[in-house]
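Worksheet: the structure to be examined is printed underneath.
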Amino acid sequence: MPSSSSARPPIRFRGRSFLAVVLAPEAPVEAWLSDLDALVRRSPAFFAGRAVILDVSALAPTREALLALVAELAARAIPIMGLEGAGAAGLGAGLPPPLTGGRPGGEIPTPDQPAPPSPVPERPTTVGSLVLDTPVRSGQTILFPEGDVTVMGSVASGAEVIAGGSIHVYGALRGRAIAGAAGSPNARIVCSRFEPELLAIDGLYRIADDIDPALRGKPVHVWLDGDAMRMAVLD
C-alpha cells in the first residue's frame with residue numbers, strides 16, 4: 001500500500017503581485033497622525049482589506065521611534081505588512097519585515113479627493129519569443145517573461161533560462177530551465193540533449209535526482225499533465 005506521503009501533490013512556488021497603500025509619514029509625526037485620524041474619521045473603512053507599507057525614509061527614525069509609530073498605527077487598526085527606508089532601525093523582532101524593490105504606482109484618492117480620470121489604456125506590445133543565437137554560459141540567467149525562449153546552442157551547467165512560455169534548446173540542456181513562469185501550464189521544455197540540473201513548468205519543479213537516468217543525453221520533451229510532470233524521448 002503506498003504511503004500517504006507518496007500521494008501528496010507536489011509543492012508549487014508562484015509569484016503574485018498585490019496593490020499596496022504606502023504611508024509616508026513626515027515630521028512632526030504627531031501632526032501627521034492627527035491628519036491620519038481626520039482621514040479615518042471621514043472614511044472609517046479606507047484601510048480595511050488593504051495591504052499597507054510604511055515608508056519612513058523621510059524620518060530616519062530610531063528603532064524605539066519606529067516601534068512606537070508602528071504601535072500607533074496598529075492602535076488605529078492599520079497593520080503594516082512591510083517597511084521601506086528604515087535602514088538598520090527596521091531590523092529585528094517586533095517590526096514588520098523590510099521591503100526593497102517596490103515600483104511606484106498611481107495615487108490612491110483619499111475620501112476628500114476626487115478620483116483621477118481613468119487613463120486611456122495603451123495597446124500592449126506583445127513580444128512572442130526570444131531567440132538566442134549563442135550558448136547560455138555558466139552563471140548567466142536569461143529572463144523573458146513575455147513568451148517563449150529558443151536557444152540555438154546549449155545551456156551550460158550553472159546557467160538558467162526563465163521563460164513566461166516554452167523553452168526550446170537546440171543543443172544540450174545542462175543548466176536550469178524554468179518554463180511557464182507567467183502562469184502557463186501549457187508551456188513545454190524541449191531540448192536536443194537532456195542533462196538538466198532543474199526543470200520547472202508553471203511552478204512545478206523537478207531536480208536532477210528525480211529525473212529518469214534513461215532520458216539523459218537524449219532529445220526530450222517535457223510537459224505538464226495536471227499536477228504531474230511528464231517527460232518523453234522525441235522520435
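The values are calculated or read from the model by the stated rules, or taken from the named source; none is laboratory data. Not measured: the values here are computed from a predicted model. All Cβ positions, glycine included, derive from the backbone under ideal geometry; neighbour counts span all protein chains shown.
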task = Report those strands (runs of 3 or more DSSP E) wholly inside segment 159-235 carrying at least 1 residues which are more than 26 Å from Glu146 (Cβ to Cβ).
result = 189-194, 204-207, 228-233
ask   = So, of the residues in segment 75-88 that are over 14 Å from Asp37 (Cβ atoms) and surrounded by fewer than 17 Cβ atoms within 10 Å (Cβ to Cβ), which turns out to be farthest from the chain's Cα centre (by Cα)?
value = Ala88
task = Look at Glu160 and say whether it is touching a helix residue (DSSP H, G or I) at 6+ places or on another chain (Cβ under 9 Å), at pLDDT 90 or above and over 20 Å from Asp235 (Cα atoms).
result = no
Within segment 152-171, tally of residues that are surrounded by fewer than 18 Cβ atoms within 10 Å (Cβ to Cβ) and within 15 Å of Lys218 (Cα to Cα) = 2
inquiry  = If a residue must be modelled with pLDDT of 65 or more and either of a type in the set (A, V, I, L, M, F, W, C) or on the phi > 0 side of the Ramachandran plot (or both), how many such residues does segment 14-56 contain?
reply    = 25
task = Among residues belonging to segment 51-74 that are touching an Asp or Glu at 6+ places or on another chain (Cβ under 9 Å) and aliphatic (A, V, I, L, M), point out the one that is surrounded by the most Cβ atoms within 10 Å (Cβ to Cβ).
result = Leu54
query = Among the listed residues Ser157, Ser184, which satisfies the condition of being closer than 17 Å to Thr134 by Cβ and of a type in the set (S, T, N, Q)?
reply = Ser157
request  = Hey, can you tell me all the residues within segment 172-216 that are surrounded by fewer than 18 Cβ atoms within 10 Å (Cβ to Cβ), at pLDDT below 90 and among the hydroxyl-bearing types (Ser, Thr, Tyr)?
outcome  = Tyr205
key: Extreme residue, surrounded by the fewest Cβ atoms within 10 Å (Cβ to Cβ), among residues of segment 17-50 that are closer than 17 Å to Ala86 by Cβ and small (Gly, Ala, Ser)   = Ala27
